[in-house]
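The values are calculated or read from the model by the stated rules, or taken from the named source; none is laboratory data. Bear in mind that the values here come from a model prediction, so they are computed numbers and not experimental data. Every residue, glycine as well, gets a Cβ built from its backbone with ideal geometry; the counts of neighbours run over all protein chains shown.
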């Protein structure tokens, strides 16, 4: 994942330079500058994630030019069989987004549901080792 981290690092660098240039030459027009800044932050987040995964797991068979297909066979990772938490997180996010329009009380309900969904995601399989 080192190659992917460098790729997204380049994308993040592009968005950073573009955001600074756009903010400078557009008389500080807020919408475009904000969109480019958010794109920079998101691509930086992906870069950080990929770099951490590379540091944890090391190189993969597809990172080597002389690797064979059979070297990647076998189980890839653990995938949960079923879970309510993706739906709960999506509903919580949707209600929180509606709360921005309709009022703080709807927003707080959405944040509560969103927090419950994320908490469930994180701790659903905590007893599972490795």
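Every residue, every condition in (1) over 25 Å from residue 3 (Cβ atoms); (2) over 19 Å from the mean Cα position of the chain (by Cα), yes or no:
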{"residue": "41", "(1), (2)": "no, no"}
{"residue": "53", "(1), (2)": "no, no"}
{"residue": "82", "(1), (2)": "yes, yes"}
{"residue": "92", "(1), (2)": "yes, no"}
{"residue": "113", "(1), (2)": "yes, yes"}
{"residue": "121", "(1), (2)": "yes, no"}
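Could you check residue 127 against (1) at pLDDT 80 or above; (2) loosely packed, with under 10 Cβ neighbours inside 10 Å; (3) over 30 Å from residue 2 (Cβ atoms) and say which number it fails?
(1) is the only condition that residue 127 fails.
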